[in-house]
Amino acid sequence: MFATAALTALALAVSQVAAHGGVLEYQINGEWYEGFKAYNTPVGQSSIQREWDTYNPITDPTDSFLACNNNGASLGSGQQSATVPAGSKVIAYWNQWPHSIGPVMVYMANCNGDCTSATPSSLSWFKIDQAGLLSGSVADGQWAQGELIANNNTWTTTIPASLKPGNYFLRHELLAIHTPNQPQFYPECAQLVVTGSGSAEPSGSYLVKFPGAYSMSDPGVDIDVYSQTNVYNYTIPGPAVWQG
């Protein structure tokens, strides 16, 4: 009986892990960087990513860990940062992503100093990339996450060329909306040192906090896609994209 129970629990755990995921590695300006290895102790790990402990989603848009996932902690002596010239491309690589319905969003935040000692929830975030419903109806159209899957589970983003040099977080987020009225947020953060001669900085309505940027009253968060067979637009939550 105990063996059967153990096998059942193991099978459930495996199915949960297989069902979700996150960013596993990055290609930044031609260099490869491994992400944090979830389900492993952070002790001894080195990565440009902040810690994230599980492939499971955050389901509350006001969750305290929404900025950089649970628990979003610095890796201390193992915490690294990737140097990237403004205007460069960043390719993020997910595990075999299972959800094809929902938007892809990419944010940055100026750490105003060393990112390793920064608290993600206290920073001001700005969006540099997003894609949602690409074609067709909300119920059965083509979504950005479907495009991500088709592109070998990757998403390519360009760091704004005019961005002021400094220490930044880069935050990739998938919002899976395949379950009616139950959003699933999958954020991961990496630390960057942006170089270049730019001087532009976002301000005003481009800046948001996590948590704080989303609420369950947002139409793109609290949504039943299957009931919207004749709706051909989707409002991506959060601020407008800052172009630089």
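What to note about this one:
- Residue pairs whose Cβ atoms lie under 7 Å apart, sitting 6 or more positions apart in sequence or on different chains, and linking a residue in the stretch 131-159 that is over 13 Å from residue 100 (Cβ atoms) to a partner that is among the acidic types (Asp, Glu) and modelled with pLDDT of 95 or more, are 157/129.
- Residue check for residue 173: open to solvent by less than 10 Å² (accessible area, probe 1.4 Å), of a type in the set (Asp, Glu), at pLDDT 95 or above and within 21 Å of the chain's Cα centre (by Cα): yes
- Residues in the stretch 62-92 that are open to solvent by less than 30 Å² (accessible area, probe 1.4 Å) and either within 12 Å of the chain's Cα centre (by Cα) or closer than 26 Å to residue 160 by Cβ (or both): 66, 67, 68, 69, 72, 79, 82, 84, 86, 88, 90, 92.
Residue-by-condition table, conditions (1) among the acidic types (Asp, Glu); (2) at pLDDT 90 or above; (3) outside any strand (DSSP E or B); (4) out of contact with any Leu (no Cβ under 6 Å at 6 or more places or on another chain):
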{"position": "3", "(1), (2), (3), (4)": "no, no, yes, yes"}
{"position": "7", "(1), (2), (3), (4)": "no, no, yes, yes"}
{"position": "14", "(1), (2), (3), (4)": "no, no, yes, yes"}
{"position": "21", "(1), (2), (3), (4)": "no, yes, yes, yes"}
{"position": "27", "(1), (2), (3), (4)": "no, yes, no, yes"}
{"position": "37", "(1), (2), (3), (4)": "no, yes, yes, yes"}
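- Residue in the stretch 129-144 that is nearest to residue 232 (Cα to Cα), counting only those that are open to solvent by less than 20 Å² (accessible area, probe 1.4 Å) and in a strand (DSSP E or B): 143
- Restricting the stretch 176-190 to residues that are in contact with a Phe, Trp or Tyr (Cβ under 9 Å, 6 or more places away or on another chain), in a strand (DSSP E or B) and not aromatic (Phe, Trp, Tyr) leaves a set whose member that is surrounded by the fewest Cβ atoms within 10 Å (Cβ to Cβ) is 176.
- Only one entry of 62, 41 meets the criterion of being out of contact with any Asp or Glu (no Cβ under 6 Å at 6 or more places or on another chain), without any contact (Cβ under 8 Å) to a residue 24 or more places away in the chain and assigned to a loop (DSSP other than H, G, I, E, B), and that entry is 41.
The values are calculated or read from the model by the stated rules, or taken from the named source; none is laboratory data. Source: prediction; values computed, not measured. FYI the Cβ positions are ideal-geometry reconstructions off the backbone, even for glycines, and counts take in every protein chain you see. These accessible areas exclude ligands, DNA and RNA; they are computed on the full protein's heavy atoms, side chains included. Shrake-Rupley method; radii C 1.70, N 1.55, O 1.52, S 1.80 Å.
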